[in-house]
1. Can you find, within the stretch 153-190, the residue that is modelled with the highest pLDDT among those that are of a type in the set (Gly, Ala, Ser) and in a loop (DSSP other than H, G, I, E, B)?
2. Go through the stretch 252-261 and give me each residue that's of a type in the set (Val, Ile, Thr) and modelled with pLDDT under 95.
3. List the number of the failed condition for residue 140; all other conditions in (1) under 28 Å from the mean Cα position of the chain (by Cα); (2) modelled with pLDDT of 90 or more; (3) not in a helix (DSSP H, G or I) hold.
4. Of all residues in the stretch 81-90, how many are surrounded by 17 or more Cβ atoms within 10 Å (Cβ to Cβ) and outside any helix (DSSP H, G or I)?
5. Against the definition (open to solvent by 20 Å² or more (accessible area, probe 1.4 Å), more than 30 Å from residue 174 (Cα to Cα), of a type outside the set (Val, Ile, Thr) and outside any loop (DSSP other than H, G, I, E, B)), how does residue 78 come out, yes or no?
6. What's the number of the condition residue 32 fails, among (1) open to solvent by 30 Å² or more (accessible area, probe 1.4 Å); (2) modelled with pLDDT of 90 or more; (3) not aliphatic (A, V, I, L, M)?
7. If a residue has to be in contact (Cβ under 8 Å) with a residue 12 or more places away in the chain and either farther than 21 Å from residue 37 by Cβ or open to solvent by 30 Å² or more (accessible area, probe 1.4 Å) (or both) to count, how many in the stretch 189-199 make the cut?
8. Taking the stretch 75-94, which residues are in contact (Cβ under 8 Å) with a residue 12 or more places away in the chain and under 17 Å from residue 223 (Cβ atoms)?
Amino acid sequence: MKKISALLLAGAIAFSVSNCGERVEVEYPVFPKSKEGRQLQKFLGSIRNVGLAVEKPQKSLWETVFGAGSSFIDQMPSKVFEAFDKETYYKLIDLSKRADSINEAYLTLTGITKSRVKLGNQLGAEAILHIGYQKPYTECGSEMMVDYGAAALKVGGAIASMATGKQVDTGSGPVSKQTGIRYMLIPLDATLIKVETGEVKKAVVSNPAKVDAGVGNLDCPSVLDSFGKALDEAALYIKDRLSPKVKTEKIKVFKDDEDPEVAGYLEDGYQEITGETPSFKKAKENWEKADKKAGGKSWGAKANLGTYYFQAGDFEKAIKLYEEAMKLTGADKNYVRELRKRVEAAAAVDDTEK
């Protein structure tokens, strides 16, 4: 009898250890703690898959920046896509690379507005972001800029002088120096259109970037070098207004269950997010099967589904599922409670501006 009890206890311990979960990297949205953040969160819901349509630049406008006949103008749409694809929460789909299946007329703002549902179905997109341009400009100038190296030398010399009681020579070079500046405006005009409802949210870049030639260098920075920085700043401005920031954390995904069939579905879901082409959507389908097979009694399935909705930005549903998981037998309540707290923190916005 003691031997059987020992075996049962060992089995229970083994199951508990095996069900501690495997950690995977999970991205989730973080919205600004402001009125604008609350509005953006309400507008987006759980939107993650976004088609990006970049308008072809009007050559006559951009030749004033790059010069007549510049081949760089034709490269601008791809450069714009690259700028938006950096560290973005959205899973972007480049519409320009779907020319074989998408009529070019659809890629104008008017075309997208009229054909958004058809485009959404073709692309698997929940929203479409159209990027157009207003009138660009660039000019050169100069400003006084601080030479932080010279400033640090001065401070270090002052400290050494005080410590030794002797005057330490740090040179007579000025701390601030006249420096060449290029001002460049990349006037992106962005419209985010929800496929399902046609609702829109807009943002326009109207402030120029300021690119310096290096402290003390009076030369005007080159157009092409300045363009890269100006475009990154313009894209960041748009992203700050039309998308949340993305945060990544390692979160446990649970794979085991006393029912082998339920455990199989949990394992399949785990494999979907750790394979060569990770898909949380496919993982969700497996975890829903696990939840159904268990009759809603698998806390691992509930917790995993909560994590799916966490990364999708549906914080309310994630919290509900984590709470359901904690009520079930065998749940790692402390860990799931921590997950719920993370979601609550991500969902919180400043309610002072209503």
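1. 165
2. Correct list: empty.
3. (1)
4. 3
5. yes
6. For residue 32, the failing item is (2).
7. 6
8. Correct list: 76, 79, 80, 83.
The values are calculated or read from the model by the stated rules, or taken from the named source; none is laboratory data. Being a predicted model, the structure only gives us computed values, none of them experimental. All Cβ positions, even for glycine, are placed from backbone atoms using ideal geometry, and neighbour counts span all protein chains on display. Calculation scope for accessible area: heavy atoms of the full protein, side chains included, ligands and nucleic acids excluded. Shrake-Rupley method; radii C 1.70, N 1.55, O 1.52, S 1.80 Å.
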